[in-house]
Amino acid sequence: MSDDRAQTVLDFVVGMSVFLVAVGFTFAFVPSLLEPYAVGEGATVIVAERGAARLAESSLAATGSTATLSHACTLAFFDGGDSPDTLGEGDCAWTANADDLHAELGVDDLRGLNLTVTQRGTVASLNATGDNVSMRAGPAPPSGTSVSAASRIVTLDDPEDPRGPEPYRLTLRVW
């Protein structure tokens, strides 16, 4: 036997370890590099955030306030009627009511939209001359579908409410 022989078993183990770590790294990180080109999940988050901000800060907002919804504008929006601006009752910024949520938010009809205003975990409603108008628009999100949601904490400018402004949660879901 010759004394020139190297430690082939140890060299093999070190070489295979480095190779397996490199292959594992490749399989772990390459799919995440290609993901933005494969699915449009990020777009639904942007649509949800932008839509919730538009509704809470301009479309339904009371004059001179953000995160405080105008009672007249919100009631007319969810009731499916005309804008109070046309009736001379308010200063509303929405152009389409809850029946056409896609047009109000500028979202194509291929996306699903659901707008819900809740208080203490239940869907809130507004009183309109004896009738309660539920503050919900759009179909419920289908099960098994990836849904992005954006929420805003808002108050309602209701001069007839003796308790004063109460917090509500405006939630827009997009799929």
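The values are calculated or read from the model by the stated rules, or taken from the named source; none is laboratory data. Bear in mind the structure is a predicted one, so any value in this text is a computation, not a measurement. Cβ atoms come from the backbone with ideal geometry, glycine included; neighbour counts cover every protein chain shown.
Quick look at the values:
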| quantity | calculated |
| --- | --- |
| Near pairs, Cβ below 9 angstrom, 6+ apart or cross-chain, from the range 52-69 (under 11 Å from Leu105 (Cβ atoms)) to any residue that is among the acidic types (Asp, Glu) and in a helix (DSSP H, G or I) | Arg54/Glu104; Leu55/Glu104; Ser59/Glu104 |
| Wholly within the range 104-158, strands (runs of 3 or more DSSP E) carrying at least 1 residues that are touching a Pro at 6+ places or on another chain (Cβ under 7 Å) | 113-119, 148-157 |
| So Asp99, is it at pLDDT below 90, farther than 30 Å from Ala43 by Cβ and surrounded by fewer than 16 Cβ atoms within 10 Å (Cβ to Cβ) | no |
| Close pairs (6 angstrom Cβ cut-off, 6 or more residues apart or separate chains): closer than 16 Å to Arg173 by Cα in the range 96-124, of a type in the set (D, E, K, R) and buried (at least 19 other Cβ atoms within 10 Å of the Cβ) anywhere | Asn114/Arg173 |
| Check on Leu115, within 26 Å of Gly64 (Cα to Cα), at pLDDT below 90 and surrounded by 10 or more Cβ atoms within 10 Å (Cβ to Cβ) | no |
| Unique residue being loosely packed, with under 10 Cβ neighbours inside 10 Å and either modelled with pLDDT under 85 or within 18 Å of Val47 (Cβ to Cβ) (or both) when the list is Gly106, Gly130, Gly138, Gly121 | Gly130 |
| Members of the range 155-167 that are surrounded by 19 or more Cβ atoms within 10 Å (Cβ to Cβ) and at pLDDT 85 or above | Leu156 |
| Residue count, the range 133-155 (criterion: more than 14 Å from the chain's Cα centre (by Cα) and of a type in the set (D, E, K, R)) | 1 |
| Matching residues, the range 49-65, being farther than 16 Å from Tyr168 by Cα, surrounded by fewer than 17 Cβ atoms within 10 Å (Cβ to Cβ) and modelled with pLDDT of 90 or more | Arg50 |
